[in-house]
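Take a look at the structure below.
The values are calculated or read from the model by the stated rules, or taken from the named source; none is laboratory data. Predicted model, so just to flag it, every value in this text is computed and none were measured. A quick note on method: Cβ atoms are made from the backbone with ideal geometry, for glycine too, and the neighbour counts reach across all protein chains shown. Side chains included, ligands, DNA and RNA excluded: accessible areas come from the protein's heavy atoms. Shrake-Rupley method; radii C 1.70, N 1.55, O 1.52, S 1.80 Å.
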Amino acid sequence: MDVLQEFMQYAGEFERTVVDDDWTRLHRFFAPDAVYEVSGPLGCRLVGPDAIFAGIKKSLDGFDRKFTGRAIAVTSGPEVAGDGLRAGWEVTYTLDGKPPFVLRGRSEARYRDGRIAYLADHYEPSIADELAGWQASSGVPLDPSYT
């Protein structure tokens, strides 16, 4: 299976996990020493699948799951090169009676022996101010942090 197919399979299983919180299905996609790095306003570096999943779950619980809707769109790529890929995206979050919030960024994944060895999400710097403005106008407290 090529890198793009592997990543798309992981992405599909991740979306199932967002719904049911069964993180066990994702272990097979990650190397034991995998690194997840977030740059931008929510920066962190998590090492190993257990730490990665705990950090992502914390962010989902404090942010994504506070909304009633979540729509993902790929805005660039995916660009596959060797053992990795990159793609730009935006996620539009909706909550009844509130304006939508759009989160923009890009992701990168690198594989080793058929498993994710490095996963990164890069958020645009403007997101911090946009999120603060959305929270102030909506009155909805959010915590998208991973740690």
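Miscellaneous remarks
- Consider the range 6-54 and keep the residues that are within 17 Å of A120 (Cβ to Cβ) and among the charged types (D, E, K, R). The one that is least open to solvent (accessible area, probe 1.4 Å) is E6.
- Candidates in the range 133-147 are the residues that are in a helix (DSSP H, G or I) and not polar (S, T, N, Q); of these, the one that is least open to solvent (accessible area, probe 1.4 Å) is W134.
- Considering the range 132-147, and only residues there that are among the small types (G, A, S) and within 21 Å of the chain's Cα centre (by Cα), the residue that is nearest to L95 (Cα to Cα) turns out to be A132.
- Scope the range 70-101; condition hydrophobic (A, V, I, L, M, F, W, C) and farther than 20 Å from E124 by Cα; matching residues: V80, A81, L95
- Filtered residues of the range 55-80 (kept if open to solvent by less than 40 Å² (accessible area, probe 1.4 Å) and of a type in the set (D, E)): D64
- Qualifying positions in the range 89-132 - assigned to a helix (DSSP H, G or I) and either open to solvent by less than 40 Å² (accessible area, probe 1.4 Å) or at pLDDT 95 or above (or both): I127, L131
- If you check R110, R106 for being within 13 Å of the chain's Cα centre (by Cα), among the basic types (K, R) and under 20 Å from S39 (Cβ atoms), only one passes: R106.
- In the range 46-71, the residues that are polar (S, T, N, Q) and under 12 Å from the mean Cα position of the chain (by Cα): S59
- Where G84 falls short, out of the listed (1) open to solvent by 20 Å² or more (accessible area, probe 1.4 Å); (2) closer than 19 Å to V38 by Cβ; (3) in contact (Cβ under 8 Å) with a residue 60 or more places away in the chain: (1)
- Residue within the range 12-32 that is at pLDDT 95 or above and aliphatic (A, V, I, L, M) present: yes
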